[in-house]
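What follows is a short report on a single structure.
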Amino acid sequence: MRRIIQVKVYKGEKYYVAECLDLPVVSQGKTLDEVVANIKEAIELHLESEDLKELEILPDFSILINLELLAYAKA
């Protein structure tokens, strides 16, 4: 059973985008704080109607967020 749900956050054209790697959940926000709050809420809403045992997710799961940064060339 999984205790950690993984999420990838990256900068889109206008907003930050959060994509859950373990569930079909995506959200966005204008700021990093907003996108984190939105993806947490989206995951909770998605799991509300799901059987956690069937998804093999523990009820006291954690969310691990990885932030993708743009590569900067050194001058």
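The values are calculated or read from the model by the stated rules, or taken from the named source; none is laboratory data. For clarity, every value in this text was computed on a predicted model and none was experimentally measured. Reconstructed Cβ throughout: ideal geometry from the backbone, glycine too, with neighbour counts over all protein chains shown.
Key figures for this structure:
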| read-out | value |
| --- | --- |
| Check on residue 50, more than 9 Å from the chain's Cα centre (by Cα) and either aromatic (Phe, Trp, Tyr) or in a helix (DSSP H, G or I) (or both) | no |
| Residue match in the range 11-18 (condition: basic (Lys, Arg), part of a strand (DSSP E or B) and out of contact with any Ser or Thr (no Cβ under 9 Å at 6 or more places or on another chain)) | yes |
| Cβ-Cβ under 6 Å pairs, at least 6 apart or on other chains, the range 53-75 side farther than 24 Å from residue 32 by Cβ, far side in a loop (DSSP other than H, G, I, E, B) and modelled with pLDDT under 95 | 56/1; 58/1 |
| Unique residue being surrounded by 14 or more Cβ atoms within 10 Å (Cβ to Cβ) and assigned to a strand (DSSP E or B) when the list is 39, 4, 65, 43 | 65 |
